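The values are calculated or read from the model by the stated rules, or taken from the named source; none is laboratory data. Remember, predicted model here, so these are calculated numbers, not experimental data. Note: ideal-geometry Cβ built from the backbone for every residue, glycine included; neighbour counts use all protein chains shown. Remember, those area values only see protein heavy atoms, side chains included, never the ligands or the DNA or RNA. Shrake-Rupley method; radii C 1.70, N 1.55, O 1.52, S 1.80 Å.
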Amino acid sequence: MGPENGGDRNEQFVVVRTGNTIATFSELSIGKDLFFPPEVITLQVERLRNAQRP
């Protein structure tokens, strides 16, 4: 990518451990700020918890 198309590269990583499972969430953006909605992570973590219950 040349300078005319360039921008800051922003990466965001969230790592969550639920029981014996580790989940990672990542987002990549070039030229704009990131916003990873916490509601999405909360919902997915709850699904992981529920899937691990006997």
At a 1.4 Å probe, what is the % contribution of carbon and sulfur to the accessible area of the chain?
51
Heavy-atom accessible area ranking, 1.4 Å probe, most first, across Phe36, Phe13:
Phe13, Phe36
Mean Cα-pair separation over length for the chain, i.e. relative contact order, pairs under 8 Å, 6 or more apart, %
33
Given a 1.4 Å probe, the accessible area of the chain per residue, as a whole number of Å², is 83
Nearest 20 debye, what's the magnitude of the dipole of the chain about its Cα centre given +1 on Lys and Arg Cβ and -1 on Asp and Glu Cβ?
440
